[in-house]
1. Suppose we keep only residues that are in a strand (DSSP E or B) and of a type in the set (D, E, K, R) within the stretch B:152-207. Which one would you say is surrounded by the fewest Cβ atoms within 10 Å (Cβ to Cβ)?
2. I need the full set of residues from the stretch B:313-358 which are of a type in the set (F, W, Y) and part of a strand (DSSP E or B), in order please.
3. What are the residues in the stretch B:190-238 that are at the interface with chain A (Cβ under 7 Å from one of its Cβ atoms), out of contact with any Asp or Glu (no Cβ under 8 Å at 6 or more places or on another chain) and of a type outside the set (S, T, N, Q), if any?
4. Hey, can you tell me all the residues within the stretch B:250-263 that are within 11 Å of another protein chain (Cβ to nearest Cβ) and in contact (Cβ under 8 Å) with a residue 60 or more places away in the chain?
5. Does B:L35 satisfy the criteria of being touching a Gly at 6+ places or on another chain (Cβ under 6 Å), within 14 Å of chain A (Cβ to nearest Cβ), at pLDDT 90 or above and surrounded by 14 or more Cβ atoms within 10 Å (Cβ to Cβ)?
6. Residue pairs, Cβ under 6 Å, 6 or more apart or interchain, first in the stretch B:136-159 and of a type in the set (D, E, K, R), second in a loop (DSSP other than H, G, I, E, B) and at pLDDT 90 or above. List them.
7. Look at the stretch A:207-239 and say how many of its residues are within 14 Å of the chain's Cα centre (by Cα), within 13 Å of another protein chain (Cβ to nearest Cβ) and surrounded by fewer than 23 Cβ atoms within 10 Å (Cβ to Cβ).
8. Which of (1) over 30 Å from A:N55 (Cβ atoms); (2) within 14 Å of chain B (Cβ to nearest Cβ); (3) buried (at least 23 other Cβ atoms within 10 Å of the Cβ) does A:I250 not meet, given it meets every other one?
Amino acid sequence: MTTLFTILFDGVAYGMLLFVLACGLAVTLGLMNFVNLAHGAFAMAGGYICAVLVNNQGWPFFSALPLAFVVSALIGVALERTLYRHLYTRSHLDQVLFTIGLTFMSVAAVDYIMGSSRIFIKLPAALEGQFDLFGVGIGRYRLMIIVICGLLTVALQLILSKTRFGSRLRAAVDDPRAAGGLGINVPKVFAFTFAFGCGLAGLGGALSAEILGLDPYFPLKFMIYFLIVVTVGGSSSITGPFLASLLLGIGDVAGKYYVPKMGPFVIYTIMIVILIWRPNGLFGRAAAR
Amino acid sequence: MFIRSHMLPAAGAVAAMLALSPAHGQETVKIGLILPMTGGQASTGKQIDNAVKLYMQQNGDTVAGKKIEVILKDDAAVPDNTKRLAQELIVNDKVNFIAGFGVTPAALAAAPLATQAKVPEIVMAAGTSIITERSPYIVRTSFTLAQSSTIIGDWAAKNGIKKVATLTSDYAPGNDALNFFKQNFTAGGGEIVEEVKVPLQNPDFAPFLQRMKDSKPDAVFVFVPAGQGGNFMKQYAERGLDKAGIKVIGPGDVMDDDLLNGMGDAALGTVTAHLYSAAHPSAANREFVAAYKKAFGQRPGFMAVGGYDGIRLIYEALKKTGGKTDGDALIAAMKGMKWESPRGPIMIDPETRDIVQNIYIRKVEKVDGELYNVEFATFEAVKDSGKTKK
């Protein structure tokens, strides 16, 4: 029984991590209708920034995390202003070709600068190990992930639904021309949203180094997971990808524990079943646009 | 030394190939070094390239009156590239040796070319048993997985480890390691209580490790590709398997000197069997490690030693043939050759052309603030059992 809870806990932590990594993609894909396959590259950037700060500059882990967010967001805004915005109106195929090219360039660049071997971020001792809570093994690092990601999710949901910026963003997405006519600076809103999504990915990358491993091939290895989260969750809200991440995280961990031989296939089986049942994802709008 | 790395045109390579026999009496001896210098295996390539450079710095670039020229090519560990590059090197550059080969498929891809052109193929890294059987011109200076996996199986059975859970990556080397370990460990009276194969691209070890923990073994036998070892060790400690008294054992690839320090203290106490440790207590090794550190600013790993011994083998073979580069004569010269390597005494088995070497049982300990594999038991002159049992 306690094992069940440990599995559940690990699954939730893994799912939360997937969510932070992928929700930026849900925003660009769902809200801005832009296919950004280079999303993982921003996550990798965040991871490497955090690693360099902590390992080489001696920063404390918790101050390096926000910086991973900020720098990834800045890289995001720079690329958005110079490259991405030219492709908003292009076909999805152009967007895919462009962003996959960007992904390969990022892989090669990081490989050249940082070397190809896997790197680790030195963690404070307080985050290492497991403690027992009523016999359930709770990993400290995973608990921290759940706390950080949980707070982020709540904050995101509030920003999108309750704030002025949230309504501007939704307006800009639904009808850019009308929104522009009402005095909303649509390109600015998009640039900001894009940067925020990149920042989240950067934070996710920094958090995931410990659990998923960080090397130059990160954007390619995990692209498939991000896409699964967004397709299964549907890309019209934050709730969809959030529930999809949790479902996939728990499904993956439990599948690997209880049926290790089938382990790697569980996540894909869940995806196929859900997409047959609901082709637009759990919370997809039925092809409104 | 002089390295050329530009690409030569490959036109007519296939046709010319058949008519080719190695050129005699030339003043330079060319070595085509094919390594993964980019991609996931790049650290292997870098170590071997470094070691070859180091050896040539130390011993000069002239042997038996011939000048040695190394031509470095990057195959990114893709066998198709290896084959094409080997062909270009043999046909256009007229190399006298091909060497390197980071992974098994790469070494196998070049084998038919070595046979056809009668050019010795020196395998400096790849570790599957079958490689040397694929061409009479292949000689290996690295290791085979069977060597380390059988030895750790024997050792575990004799040293109070009764129940073992295995965690291996689901690909050829992982399965090799698992099978050789299982065979020797169960023959010695041990029991496998849990056997898990994890996907090669495995993001998170958590569920598998939980399974290991629940099966309550004395030790976990682990083989995962270089790089994932660090993740494994961290999560192993995070999950408290170390506190539950479960040891980690395995072939030494997982505890490569290259990666060991990045793993942190979680790796302390891990027992592995392998051919080389940077902490090997011999004068030859201390000298090698010091020179390598001075030249490249890091510790050599077992891949570097494979490269260092590989280039040495080429030098010694040329000395023995008096600079003659006839493939058959070179292979004959290499067979049975013995020398003191940084890893200890080694020999080229005259029958299989594979390496015979000591396998050491090592434990990860902290020495001067750094993690090292400290050797505490030696199995002498271990042959590749992957072949001898056939």
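1. B:E191
2. B:W339
3. Residues satisfying the conditions are B:V196, B:P203, B:F208, B:D214, B:G230.
4. The answer is B:D258, B:N261, B:M263.
5. In short, yes.
6. Going by the 6 Å Cβ cut-off, the qualifying pairs are B:R140/B:D354.
7. 6
8. Result: A:I250 fails condition (3) only.
The values are calculated or read from the model by the stated rules, or taken from the named source; none is laboratory data. Please read these numbers as outputs of a predicted model, since none were measured by experiment. Cβ coordinates were reconstructed from backbone atoms using ideal geometry, including for glycine residues, and neighbour counts include every protein chain displayed.
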